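Okay, structure first, notes after.
The values are calculated or read from the model by the stated rules, or taken from the named source; none is laboratory data. If you're wondering where the values come from, they're calculated on a predicted model, not measured in any experiment. Neighbour counts are summed over all protein chains in view; Cβ atoms, including those assigned to glycine, are modelled from backbone coordinates with ideal geometry. These accessible areas exclude ligands, DNA and RNA; they are computed on the full protein's heavy atoms, side chains included. Shrake-Rupley method; radii C 1.70, N 1.55, O 1.52, S 1.80 Å.
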Amino acid sequence: RNYRSTQTVIQASEAILGKSALEQPQSSAHGVGDRVKVWSFPTVEAEVAGVVQALKGMVCSGCQYSDVAVICRIRAKILADFTKALRAEGIPVTTANRSVQNSVVVQDLVAYLRLLLHPNDDDAFLRAHNVPKRGLGPAAVQYLEGLR
């Protein structure tokens, strides 16, 4: 039983990572919850501004900052931009340590999210194509690379 996430978040995780990536089948102690939102922005600045506005809107609607998580791409500049903008708006910030950001599950999740936004991202595909195992070995990957 999952005591942190809603059923919607659990189902989104299972859809992205596959059920076998999770230790055991998960059910939530918090009910269904709101839909997961995925946004795309043309620039880092627009992304930071969009996230700040969304967080402020959620708080105005009665949400607590402690109820929200923002997953940020792992690039020092982007993380610094987010941290600076959030703090400037008085939004509390806690960043995950590098061991969490560098974990296999997080890197796999980021690869799947990149593929959702950019289906031709070869690096993301090479990271995610066999997670969970799908039987795509080196010969199949080499064949797919030849189709480009």
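Per-structure values
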| read-out | value |
| --- | --- |
| Cβ-Cβ under 9 Å pairs, at least 6 apart or on other chains, segment 19-36 side under 18 Å from SER61 (Cβ atoms) and β-branched (Val, Ile, Thr), far side surrounded by 11 or more Cβ atoms within 10 Å (Cβ to Cβ) and at pLDDT 60 or above | VAL32/THR6; VAL32/GLN7; VAL32/THR8; VAL36/THR8; VAL36/VAL9; VAL36/GLN11; VAL36/ALA12 |
| Among the candidates THR83, THR94, residue that is modelled with pLDDT of 85 or more and of a type outside the set (A, V, I, L, M) | THR83 |
| Qualifying positions in segment 126-141 - part of a helix (DSSP H, G or I) and either modelled with pLDDT under 85 or open to solvent by less than 70 Å² (accessible area, probe 1.4 Å) (or both) | LEU126, ARG127, ALA128, PRO138, ALA140, VAL141 |
| Residue that is surrounded by the fewest Cβ atoms within 10 Å (Cβ to Cβ), among those in segment 107-121 that are in a helix (DSSP H, G or I) and without any contact (Cβ under 8 Å) to a residue 24 or more places away in the chain | GLN107 |
| Failed criterion for GLY31 (all others in (1) at pLDDT below 85; (2) open to solvent by 70 Å² or more (accessible area, probe 1.4 Å); (3) not in a helix (DSSP H, G or I) hold) | (2) |
| Sole residue being part of a loop (DSSP other than H, G, I, E, B) and open to solvent by 80 Å² or more (accessible area, probe 1.4 Å), chosen from SER40, SER66 | SER40 |
| Cross-chain or 6+ apart pairs with Cβ under 9 Å, segment 57-71 first and over 22 Å from VAL106 (Cα atoms), then outside any loop (DSSP other than H, G, I, E, B) and acidic (Asp, Glu) | MET58/ASP67 |
